[in-house]
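The values are calculated or read from the model by the stated rules, or taken from the named source; none is laboratory data. On a predicted model such as this, the values are computed, not experimentally measured, just so you know. Cβ coordinates were reconstructed from backbone atoms using ideal geometry, including for glycine residues, and neighbour counts include every protein chain displayed. Please note that ligands, DNA and RNA were not included when accessible areas were found on the heavy atoms of the full protein model with its side chains. Shrake-Rupley method; radii C 1.70, N 1.55, O 1.52, S 1.80 Å.
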Amino acid sequence: MSQDQHTGMVEPELSLEQEFQARRTAALAMGGPKKLEQRRAEGRLNARERIELLLDKGTFRESGLFATSAVEADQAKTPADGKIIGSGQIDGRRASVIAYDFTVKGSSSSPVSNKKMSHFKELTAKVGMPLVYLSESTGVRMPDAMGGTGMGAANSKRRFLRQRQSPWASAAFGYCFGSAAWHTVSADFAVFRKGSVLAVSSPGLVSRATGQQVDAQELGGWKLHAEVTGYADAVADTDEEAIELIRRFLSYLPSHNGERPPLAEVPAGSGERSAELKDIVPAVRTKTYDVRKVIEIIADAGSVFPIKARYGKSLATSLVRIGGQSVGIIANNPMFKGGALDGPACDKATSFLVLCDSYNIPVVFLVDQPGFLIGLEAERNKIAGKVINWMNALSLVTVPKIAITLRKNYGQAYVNMGGGLTADTTAGWWSTEVSFMDPSSAVSVVHGIDRESDPELFEQRFAEMAKGTTVYDVARVFGFEHVLDPSETRDFILGALEEHYCARTGGIGEHLLSSWPTSF
């Protein structure tokens, strides 16, 4: 028998089975019906609903359901200690999930929930399966972390060390402070739901610290991270869309870095539009076009998955399938800044190379660029260092690299985009022009004249500078292995993927970039 402290009434003792059922029911109830109903009214899924959407039906196996805060007064208020964790399957493949339950103390992090998360981070790396974060948190839980004892007891050894042994993906659904922010920016793929906010500290804390009113979206809103920081690899309108994007992203990747990505069926009609490439890309190098249309034609039908589409727009990066095989495409886009490569484009290229090399995904460059963007702003934004970061990463890539020049290809960016023997095989369309600099600019630099001031002399000097810049001039010195009719591009890539498949390692790279920072 036991006595209820509130009523003073004597209640019968629960059997072991009754106690088990009561505790499980309480844990599964999360933050209670009122908070759950509030989320529904706001159009937000709760943590368990998100897990149901992410994993194949009936496959979730939860770990730590009966965990609670170690603080005595909070035990009954912290079911699962605010983090719902376990494993299941995504499209029949094993995966783990850490879902932040915002109905439990804002899914704030405590020593217990951190212990749960650390266990699964280590487990996924050890056994070889992806880890998905469904992120939404107010940050560290107070007063658990206050004082010397709180900080001194923290288990942080190697906690934030990230080596890409198995893929990580994260969805930022709402407020993401503390570990929700750290895990999102550490992930291989991060999708932000519109309305979400990711920052080191909350707007309220920042306002108190600075004495200035801070707007949440301006501080760390989804649009900032999609267009300015580049942390957002994709943007979703709803929880459902965000989770579907994660499922699709993982379909291009292996479960771990010791295997190749899964092969998919080649959809009917793939490759049938190759002849259209001649019409999409104007032969005149000053006319613009959208390289994303080129990617759609080269890739298997319906397989293009853009990465960081709103960031560094002069460079398009996409996961695609070609012949059913996962391939990463890095392509200059003349629709934006004429295809010139600025700082964000450099960061985007480097990040994408790291992703592909870490998970055994071959890389294809589609080149049409006038060089790196220059000027005061570019230099202040460290363009020189970003160019070299890109080159350092490229030099460490051990998956097959295929570079195809569509039109213009100038300066140092020629090397960054797979020229100068930095790719395993190279080709140029018959419309290709390669030089250290755009001949028009070279005339001005070398001779100090422009077309407006002396048209006749300019044209004469231009003709001199434009000599020896054709695709055949590059091929003559084996700068290109092949000269292509544009319609042959997909077939060329298919052949190159087969030719450069490393049979000695079963197509597995060396992963020299596995410890490269996910945000830099």
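For ARG39, state whether it is farther than 25 Å from GLY178 by Cα, modelled with pLDDT under 95, outside any loop (DSSP other than H, G, I, E, B) and basic (Lys, Arg).
For ARG39, the condition - farther than 25 Å from GLY178 by Cα, modelled with pLDDT under 95, outside any loop (DSSP other than H, G, I, E, B) and basic (Lys, Arg) - is not met.
Give the number of residues within region 265-284 that are open to solvent by less than 40 Å² (accessible area, probe 1.4 Å) and either not in a loop (DSSP other than H, G, I, E, B) or not polar (S, T, N, Q) (or both).
Final tally of qualifying residues: 7.
If I ask for residues that are more than 13 Å from ARG310 (Cβ to Cβ), within 15 Å of the chain's Cα centre (by Cα) and either hydrophobic (A, V, I, L, M, F, W, C) or open to solvent by less than 60 Å² (accessible area, probe 1.4 Å) (or both), which ones from region 217-253 would you list?
ALA242, ILE243, LEU245, ILE246, ARG247, PHE249, LEU250, SER251, TYR252, LEU253
Search region 428-441 for residues being more than 16 Å from ALA413 (Cα to Cα) and either buried (at least 22 other Cβ atoms within 10 Å of the Cβ) or touching a Phe, Trp or Tyr at 6+ places or on another chain (Cβ under 8 Å) (or both), and hand back the single one that is modelled with the lowest pLDDT.
Filtering region 428-441 for residues that are more than 16 Å from ALA413 (Cα to Cα) and either buried (at least 22 other Cβ atoms within 10 Å of the Cβ) or touching a Phe, Trp or Tyr at 6+ places or on another chain (Cβ under 8 Å) (or both), the one modelled with the lowest pLDDT comes out as SER440.
Taking into account only those residues within region 53-82 that are of a type in the set (Gly, Ala, Ser), closer than 27 Å to ILE246 by Cβ and part of a loop (DSSP other than H, G, I, E, B), which is most open to solvent (accessible area, probe 1.4 Å)?
Filtering first and then ranking leaves GLY58.
Tell me which residues, restricted to region 466-520, are aliphatic (A, V, I, L, M), part of a loop (DSSP other than H, G, I, E, B), free of Cβ contacts under 8 Å to residues at least 60 places away in the same chain and open to solvent by less than 50 Å² (accessible area, probe 1.4 Å).
ALA466
So, GLU19, is that one more than 28 Å from the chain's Cα centre (by Cα) and either at pLDDT 90 or above or in a strand (DSSP E or B) (or both) or not?
When the stated conditions are applied, GLU19 passes them.
Name every residue in region 390-414 that is in a helix (DSSP H, G or I), at pLDDT 95 or above and either β-branched (Val, Ile, Thr) or open to solvent by 10 Å² or more (accessible area, probe 1.4 Å) (or both), in order of residue number.
Matches in region 390-414: MET391, ASN392, SER395, LEU396.
Just checking, which of LYS287, LYS313, LYS293 is surrounded by fewer than 21 Cβ atoms within 10 Å (Cβ to Cβ), modelled with pLDDT of 95 or more and assigned to a loop (DSSP other than H, G, I, E, B)?
LYS313
If you take the residues in region 29-52 that are open to solvent by less than 80 Å² (accessible area, probe 1.4 Å) and among the aliphatic types (A, V, I, L, M), which one is nearest to GLU241 (Cα to Cα)?
Taking the candidates together, the pick is LEU45.
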